[in-house]
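Beneath this line is the structure, given in structure tokens, with notes to follow.
The values are calculated or read from the model by the stated rules, or taken from the named source; none is laboratory data. Just so we're clear, the structure is a prediction, and the values are computed from it rather than from any experiment. In this analysis, Cβ positions are derived from the backbone assuming ideal geometry, glycine residues included, and neighbour counts consider all displayed protein chains.
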């Protein structure tokens, strides 16, 4: 009887190994661009994306016997499945994998995400390796302009306000510490929106307030674009104000673009 039990156990053992649940390996480095793993088939993961709609990751395997077969992207906010991930071997390295995924759900671009990579080590043990992906930067820019000088009339051309009072408040959550914000375009009018500068970083989150009177060098519009960038993509805010109305200054364009 003992012999029969031992034989039966020997037969079932391979099946039990196959049915064993894969181990989860969490990303303990937060939402940074680089993640290092202390054990398992993956040594590190590097987010190489430069736009929110296309996720790219370089995965460094621990050795040549480790393999990763498939991966998926999930929203951390809703747990919804967002995309399947393509996995290809790097032709320059036997231990490097190149992962990419299209993120077409516009409503999820600002949400943090998690990539689940199914891998096996040299012993055949299965793992779910998690990679944290930050959402694109969240930028809220509230700005208003009021006339603060005389209105200059010009023959055969638009008039303009000689000066204007600006009240600006930019609230930024970059969702990542290795992030930057910059004034991408200003048509020669620097407002110093980021604590007197046109650029700030690296930083995670901050609030920037600007209240001052700006002299206008005969410009018919105030044109400003700011952009914040992290490992997952870029958020751009466009503001255009019309300076040619004698009684008020009104907004011509106000939009947020995630790219």
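Per-structure values
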item: Verdict on residue 192 being outside any strand (DSSP E or B), closer than 18 Å to residue 141 by Cα and not assigned by TED's automatic domain parsing to the domain that holds residue 35; result: yes
item: Filter result for residue 114 (closer than 22 Å to residue 240 by Cα and modelled with pLDDT of 95 or more); result: no
item: Qualifying residue in the range 235-247 (condition: touching a residue at least 12 places away in the same chain (Cβ under 8 Å), on the phi > 0 side of the Ramachandran plot and in a strand (DSSP E or B)); result: no
item: All positions within the range 23-53 that are farther than 14 Å from residue 176 by Cβ, loosely packed, with under 14 Cβ neighbours inside 10 Å and out of contact with any strand residue (DSSP E or B) (no Cβ under 6 Å at 6 or more places or on another chain); result: 28, 38, 39
item: Subset of the range 195-209 [outside any loop (DSSP other than H, G, I, E, B) and either without any contact (Cβ under 8 Å) to a residue 12 or more places away in the chain or more than 24 Å from residue 136 (Cβ to Cβ) (or both)]; result: 197
item: Qualifying positions in the range 161-189 - surrounded by 19 or more Cβ atoms within 10 Å (Cβ to Cβ) and either outside any strand (DSSP E or B) or outside the structural domain of residue 241 (by TED's automatic domain parsing) (or both); result: 174, 175, 176
item: Test for residue 73: is it in a strand (DSSP E or B), closer than 16 Å to residue 35 by Cβ, within 18 Å of the chain's Cα centre (by Cα) and touching a residue at least 12 places away in the same chain (Cβ under 8 Å); result: yes
item: Hey, residue 143 closer than 30 Å to residue 111 by Cβ, touching a residue at least 24 places away in the same chain (Cβ under 8 Å), in a strand (DSSP E or B) and more than 20 Å from the chain's Cα centre (by Cα) or not; result: yes
item: Residue 151 being farther than 22 Å from residue 231 by Cβ, at pLDDT 95 or above and in the same structural domain as residue 249 (by TED's automatic domain parsing); result: yes
item: Residue list for the range 123-143, restricted to those being surrounded by 13 or more Cβ atoms within 10 Å (Cβ to Cβ) and farther than 16 Å from residue 230 by Cβ; result: 125, 126, 127, 128, 129, 130, 141, 143
